[in-house]
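Student: Quick one: the structure is below, and I'll ask about it shortly.
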Amino acid sequence: MEYMILIYADEQLYSDMPEADLAALMAEYGRYAQEMEAAGVLRGGSELAPVHAATTVRLRGGKVVCSDGPFAETKEQLGGYMLIECDNLDEAIKWAARCPSAAQGSIELRPLVHNG
């Protein structure tokens, strides 16, 4: 079963982080991805650009309405994702809990729906 690990954190935390600490965190993400690759569960993933680069698109009254930024104002922003394939939810939870940002932010784990 495929799951999306959605990584939420306060972007300000990372922009205020000392460069050495940020480098250490990125190295931890590198090890995390390598461990998932070695286990055969990693299918993809990426860091996302900061939330100020987001565009929210809505269709209202038949017209496209775009606004800068995310859909919702929140303390945590979606900063990245990883697509994994695991035998069951328990295995997916174990991988999500190992995500380096789990200690500072929130990790949403959501199964993918395959139609057809």
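Student: Return the residue satisfying two criteria in turn: it lies in region 21-45 and is in a strand (DSSP E or B) and not charged (D, E, K, R), and of such residues it is nearest to the chain's Cα centre (by Cα). Break it down into steps so the answer makes sense when it comes.
Tutor: Our first condition is that a residue be in a strand (DSSP E or B); within region 21-45, this holds for 42-45.
Imposing the further condition that a residue be not charged (D, E, K, R) reduces the set to 42, 44-45.
Details: Leu42: 13, Gly44: 11, Gly45: 8 Å.
Per the criteria, the residue is Gly45.
Student: Failed condition for Asn88, given (1) polar (S, T, N, Q); (2) touching a strand residue (DSSP E or B) at 6+ places or on another chain (Cβ under 7 Å); (3) surrounded by fewer than 13 Cβ atoms within 10 Å (Cβ to Cβ), with all others met?
Tutor: Among (1) polar (S, T, N, Q); (2) touching a strand residue (DSSP E or B) at 6+ places or on another chain (Cβ under 7 Å); (3) surrounded by fewer than 13 Cβ atoms within 10 Å (Cβ to Cβ), the lone unmet condition for Asn88 is (2).
Student: Among the listed residues Glu28, Glu35, which satisfies the condition of being in contact (Cβ under 8 Å) with a residue 60 or more places away in the chain, loosely packed, with under 15 Cβ neighbours inside 10 Å and touching a helix residue (DSSP H, G or I) at 6+ places or on another chain (Cβ under 6 Å)? So that I can check it myself, show each step before the final result.
Tutor: Numbers: Glu35 fails: touching a helix residue (DSSP H, G or I) at 6+ places or on another chain (Cβ under 6 Å).
None of the other options fit; the residue is Glu28.
Student: Ala20 - would you say it is exposed (fewer than 12 other Cβ atoms within 10 Å of the Cβ) and either in contact (Cβ under 8 Å) with a residue 40 or more places away in the chain or not hydroxyl-bearing (Ser, Thr, Tyr) (or both)?
Tutor: So Ala20 fits the description; yes.
Student: For region 69-85, which positions are surrounded by 14 or more Cβ atoms within 10 Å (Cβ to Cβ) and aromatic (Phe, Trp, Tyr)?
Tutor: Restricting attention to region 69-85, the residues satisfying the condition of being surrounded by 14 or more Cβ atoms within 10 Å (Cβ to Cβ) are 70, 76-85.
Once the filter is applied, which keeps residues that are surrounded by 14 or more Cβ atoms within 10 Å (Cβ to Cβ) and aromatic (Phe, Trp, Tyr), region 69-85 yields only Tyr81.
Student: Count, please, the residues in region 54-80 that happen to be over 23 Å from Asp10 (Cα atoms) and assigned to a strand (DSSP E or B). Outline the logic, then answer.
Tutor: Applying the first criterion (over 23 Å from Asp10 (Cα atoms)) to region 54-80 yields 58-66.
Now restrict to residues that are assigned to a strand (DSSP E or B): 58-60, 63-66.
Of the residues in region 54-80, 7 are over 23 Å from Asp10 (Cα atoms) and assigned to a strand (DSSP E or B).
Student: Now a separate question. Can you tell me which residue within region 101-116, out of those that are hydrophobic (A, V, I, L, M, F, W, C) and outside any helix (DSSP H, G or I), is surrounded by the fewest Cβ atoms within 10 Å (Cβ to Cβ)? If you could, list the steps in order and put the result at the bottom.
Tutor: Step one: of region 101-116, the residues hydrophobic (A, V, I, L, M, F, W, C) are 102-103, 107, 109, 112-113.
Now restrict to residues that are outside any helix (DSSP H, G or I): 107, 109, 112-113.
Numbers: Ile107: 19, Leu109: 17, Leu112: 12, Val113: 6.
Only one residue fits best here, namely Val113.
Student: Further, regarding this structure: Within region 82-100, is even one residue within 17 Å of Arg43 (Cβ to Cβ), at pLDDT below 95 and either part of a strand (DSSP E or B) or small (Gly, Ala, Ser) (or both)?
Tutor: No, every residue in region 82-100 fails to be within 17 Å of Arg43 (Cβ to Cβ), at pLDDT below 95 and either part of a strand (DSSP E or B) or small (Gly, Ala, Ser) (or both).
Student: In region 46-53, is there at least one residue being assigned to a loop (DSSP other than H, G, I, E, B), free of Cβ contacts under 8 Å to residues at least 40 places away in the same chain, in contact with a Pro (Cβ under 9 Å, 6 or more places away or on another chain) and closer than 24 Å to Leu25 by Cα? Don't jump to the end; show me each part of the working.
Tutor: Initial filter on region 46-53 (assigned to a loop (DSSP other than H, G, I, E, B)): 48-50.
This time we only want the ones that are free of Cβ contacts under 8 Å to residues at least 40 places away in the same chain, so: 48-50.
Next, from what is left, pick out any that are in contact with a Pro (Cβ under 9 Å, 6 or more places away or on another chain): none.
No, region 46-53 has no match at all.
Student: Another one. Would you confirm whether any residue within region 89-102 is touching a residue at least 60 places away in the same chain (Cβ under 8 Å), out of contact with any Ser or Thr (no Cβ under 6 Å at 6 or more places or on another chain), over 19 Å from Glu2 (Cα atoms) and not small (Gly, Ala, Ser)?
Tutor: Scanning region 89-102, I find at least one residue that is touching a residue at least 60 places away in the same chain (Cβ under 8 Å), out of contact with any Ser or Thr (no Cβ under 6 Å at 6 or more places or on another chain), over 19 Å from Glu2 (Cα atoms) and not small (Gly, Ala, Ser), so the answer is yes.
Student: Let me ask something else. Of all residues being among the aliphatic types (A, V, I, L, M) and either in contact with a Cys (Cβ under 8 Å, 6 or more places away or on another chain) or assigned to a strand (DSSP E or B) (or both) in region 5-20, which is nearest to Ala96 (Cα to Cα)? Just the residue, please. Full working, then the answer.
Tutor: The first filter runs over region 5-20 and keeps only residues among the aliphatic types (A, V, I, L, M), leaving 5-7, 9, 13, 17, 20.
Now narrow it down to the ones that are either in contact with a Cys (Cβ under 8 Å, 6 or more places away or on another chain) or assigned to a strand (DSSP E or B) (or both): 5-7, 9.
Working: Ile5: 6, Leu6: 9, Ile7: 9, Ala9: 14 Å.
Of everything passing the filter in region 5-20, Ile5 is nearest to Ala96 (Cα to Cα).
The values are calculated or read from the model by the stated rules, or taken from the named source; none is laboratory data. Keep in mind it's a predicted model, so treat the numbers as computed, not measured. Here the Cβ is made from the backbone with ideal geometry for all residues, glycine too, and neighbour counts use every protein chain on show.
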